[in-house]
Amino acid sequence: FKGGDTCEYLLSSGRFLGEKVWQPHSCMMHKYKNSEAKNCLIDKHVVFIGDSRIRQLFYSFIKLINPQVKEEGIKHGNIPFEDKSASIKVDFLWYPEVNGSMRQRIKSWTEGSVAKPHIIVVGAATWSIKIHNGSNEALAQYKINITSIAPLLEKLAISSDVYWVLQDPVYEDMLSESRKMITNEKIDAYNEAAVRILNSSSRNSKAKVKVFSVSKLIAQETIMKSADGLHLPESSRDTNAMILMNVYCNKIMKPIDGSCCQPQPPLTLIQKIAFCFFTLSIIGYLIISLIHRNNYRKNKSCTDLESGEEKKPAISTPNVSTLEMLLHCFCKLGLIMTYFYLCDRANLFMKENKFYTHSSFFIPIVYILVLGVFYTENTKETKVLNREQTDEWKGWMQLVILIYHISGASTFLPVYMHIRVLVAAYLFQTGYGHFSYFWIKGDFGVYRVCQVLFRLNFLVVVLCIVMDRPYQFYYFVPLVTVWFMIIYATLAVWPQIVQKKANGNCLWHFGLLLKLICLLTCIYFLSYSQGAFEKIFSFWPLSKCFELNGNVYEWWFRWKLDRYVVFHGMLFAFIYLALQKRQMISEGKGDPLFSNRVSNVLLFISVVSFLMYSIWASSCKNKTECNELHPSVSVVQILAFILIRNIPGYVRSVYSSFFAWFGKISLELFICQYHIWLAADTKGILVLIPGYPMFNVLVSTFIFVCVAHEISQITNDLAQIVVPKDNSTLLKRLLCIAGFFSGLHFFSSMQDQSRH
């Protein structure tokens, strides 16, 4: 609400999430790794000037570059540090008082012949208080000295980053007798003098000394843990060093999860074209609406004043044209995409880091489960995995995944492993659903393929354009798209084996099983041959879709993580439909799926298997090792859930309409969360209403769900127009789509050239 500069917020305000995680006001702080810190500070010279507190900050800062550094330097002397691999120099200069000596050192950098440091961090006061026993004369002299130094610092600030570190409060009860005169009252007086004098003469915004006051807030929360009452505990000074790194490096490194101090990215050429397109769509729709409204008024029934009879209009109100429907859809989509851009690309709304606690994950889970039970209704059909049941399954899984993302629960390994099963279950349904359709219907036409591809990819393509993100960034859509094409190719390739053909000759069942075995062999080969996989997806134009950060490793990792589950879904569909055709299962309302004895045995095995998987997932100690086993064992819990949900007749005959409603828009929910519920491309949380976390989540969630529902309707409406059933019209539309992507590729190439 106060406006723009997140750097000021980072340097001056924030709060602790838990005990150690610092959350700056309004923006997200990136946790820099050693390699990132080196890349940012390459060929840079950093200087820390001050007393023992500044020396603490100096050590924490250089440990971000080299964690092996030990605090072994001279306590009351200068300490140099150099990283020759990155040509980084960081020096600590011992000047415990703001006096003539400090002024002389700073003045030497303002002279033309001397190389200026790129970053200067200054701060001192406690020694002045201690040496002069907290006298008022010492404070008066401090003001005189800092007044003489301020113009020099402001001169340096034109070309360097200069930070004045305000003095942290002390824990007076723990101070030694020799430091008892250092009181918080005195420290506040010195800080007030520094803030008032610094930048008082500077009118140039570039020549501004940045006041590092956030350290005071951190110290207020942590100084009680100090060893001597004066110096901060290690975790607090590490936080200060990380803040300093974010202030300087975020604008250079541009980390996704470091929104503090990052300028708003400039609009790309493609974004400008998209903005013009949506603007024209809105104007066009308004014009057509006004014309239709005027025509309707002219043709409206009116009363004949002479006879008193009502006259009917000669012309009936025309139906909504295809052009008007198109413009209406793009008009709504344009407004929605504007909201997307404002939320996650413009610096209009605040963003905060995630912070996981068990209560932030499990309490919402219990709440939505209770809500889901309240909305229980009878299903229209009682088949295994009927439409209402699969929508319900998608719905509650999607809600759990959303809670998982906003709570930052990926840091808790047992939760992570269970969420991986939910993602696998989505892919299982992909295999089950598409196999069932092709097997039963035998429809391998272009219309069906285009409909599915359009519904899956429309929103992601629009977001790639508006949000300037690669296709692979929204990894789940490429995943289900590729698996759909694999399922289609497996069943459509000669010989096409469908249920109608197989019913006439049982040998066709073995032919289909042979196809599935070939598919499994290919999956197995690609999963253990990263080179072959990368070669396939590195060919143009596939590389344009599946590369992320210049390579396809991320795509290979995502594909490999759930490589068998789609095959499991296809195999399950084949076995289930074969049993159903031979009437070996009972799907009547209220009837158990099998005989009572078999049902009870299978139900017992399913419950035990479900629990055994959960116990294994909860005992995971290493994410890498568990990810290696996950593709092979995730199907255990999925099949166990299906049997528990479908064997008892009553359970199969009811569903939660609450979960089913969310299930119908699950894809839109999954994609929209990236930008208008979470923030910084899922790394943080969007803050529409600062200061009220619960109210903020309620408001942002309401908007997010409404937008996802609206986009689902827009996609369905556009699918009818863009993908018509008539083959000749469909061919023309496909040529238009090919032209659209060719133009997109052309403008993308122009963008890449301008960036390089």
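Within segment 344-395, being of a type in the set (Lys, Arg) and touching a residue at least 24 places away in the same chain (Cβ under 8 Å) holds for ARG345, LYS351, LYS354, LYS383, LYS394. Here is a check on your reading of the model: is HIS30 out of contact with any Phe, Trp or Tyr (no Cβ under 9 Å at 6 or more places or on another chain), open to solvent by 30 Å² or more (accessible area, probe 1.4 Å) and not hydrophobic (A, V, I, L, M, F, W, C)? No: the conditions fail for HIS30.
Filter segment 86-129 down to the residues that are among the β-branched types (Val, Ile, Thr) and either farther than 17 Å from LEU152 by Cβ or outside the structural domain of VAL195 (by the TED database) (or both) and list them by number. The answer is ILE88, VAL90, THR126, ILE129. Residues that are in a helix (DSSP H, G or I) and of a type in the set (S, T, N, Q) were ranked within segment 623-664; the one that is farthest from LYS560 (Cα to Cα) is SER657. Pairing residues of segment 259-282 that are more than 19 Å from ARG755 (Cα to Cα) with residues that are crowded, with 18+ Cβ neighbours inside 10 Å and among the basic types (Lys, Arg), at Cβ distances under 7 Å and at least 6 apart in sequence or on separate chains, gives SER259/LYS351. Only one entry of SER653, SER614, SER619 meets the criterion of being within 19 Å of ASN386 (Cβ to Cβ) and either hydroxyl-bearing (Ser, Thr, Tyr) or in the same structural domain as MET28 (by the TED database) (or both), and that entry is SER653.
For every residue, the table says whether it meets (1) among the small types (Gly, Ala, Ser); (2) open to solvent by 60 Å² or more (accessible area, probe 1.4 Å).
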residue	(1), (2)
ALA532	yes, no
TYR564	no, no
ARG582	no, yes
ILE585	no, no
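Counting residues in segment 680-695 that are within 28 Å of LYS332 (Cα to Cα), out of contact with any Cys (no Cβ under 7 Å at 6 or more places or on another chain) and in a helix (DSSP H, G or I) gives one or more. Candidates in segment 257-272 are the residues that are open to solvent by 40 Å² or more (accessible area, probe 1.4 Å) and of a type in the set (A, V, I, L, M, F, W, C); of these, the one that is nearest to GLU8 (Cα to Cα) is LEU267.
From the list LEU744, LEU731, the lone residue that is open to solvent by 10 Å² or more (accessible area, probe 1.4 Å), free of Cβ contacts under 8 Å to residues at least 12 places away in the same chain and either part of a helix (DSSP H, G or I) or not basic (Lys, Arg) (or both) is LEU731.
The residues on offer are ILE440, ILE363, ILE401, and the sole one that is farther than 26 Å from VAL565 by Cα and either buried (at least 20 other Cβ atoms within 10 Å of the Cβ) or not small (Gly, Ala, Ser) (or both) is ILE363. State the number of residues belonging to segment 155-187 that are assigned to a helix (DSSP H, G or I), at pLDDT below 95 and within 26 Å of ARG105 (Cα to Cα). Qualifying residue count, segment 155-187: 2.
Please specify each residue of segment 225-265 satisfying the condition of being in contact with a strand residue (DSSP E or B) (Cβ under 7 Å, 6 or more places away or on another chain) and among the small types (Gly, Ala, Ser). Once the filter is applied, which keeps residues that are in contact with a strand residue (DSSP E or B) (Cβ under 7 Å, 6 or more places away or on another chain) and among the small types (Gly, Ala, Ser), segment 225-265 yields only SER259. A single entry from LEU520, LEU514 fulfils the requirement of being part of a helix (DSSP H, G or I), in contact (Cβ under 8 Å) with a residue 24 or more places away in the chain, over 27 Å from PHE473 (Cβ atoms) and open to solvent by 40 Å² or more (accessible area, probe 1.4 Å): LEU520. Looking at the structure I just gave you, is TYR447 open to solvent by 20 Å² or more (accessible area, probe 1.4 Å), in a helix (DSSP H, G or I) and under 28 Å from LYS500 (Cα atoms)? When the stated conditions are applied, TYR447 passes them.
Of all the residues in segment 590-622, those that are touching a Ser or Thr at 6+ places or on another chain (Cβ under 9 Å) and not in a helix (DSSP H, G or I) number 6.
The values are calculated or read from the model by the stated rules, or taken from the named source; none is laboratory data. The structure presented is a predicted model; accordingly, all values stated were derived computationally and were not measured. Using ideal geometry, Cβ is built from the backbone for each residue, glycine included, and neighbour counts are taken over all protein chains shown. For the accessible areas, the whole protein counts, side chains as well, though only heavy atoms, and no ligand, DNA or RNA atoms are used. Shrake-Rupley method; radii C 1.70, N 1.55, O 1.52, S 1.80 Å.
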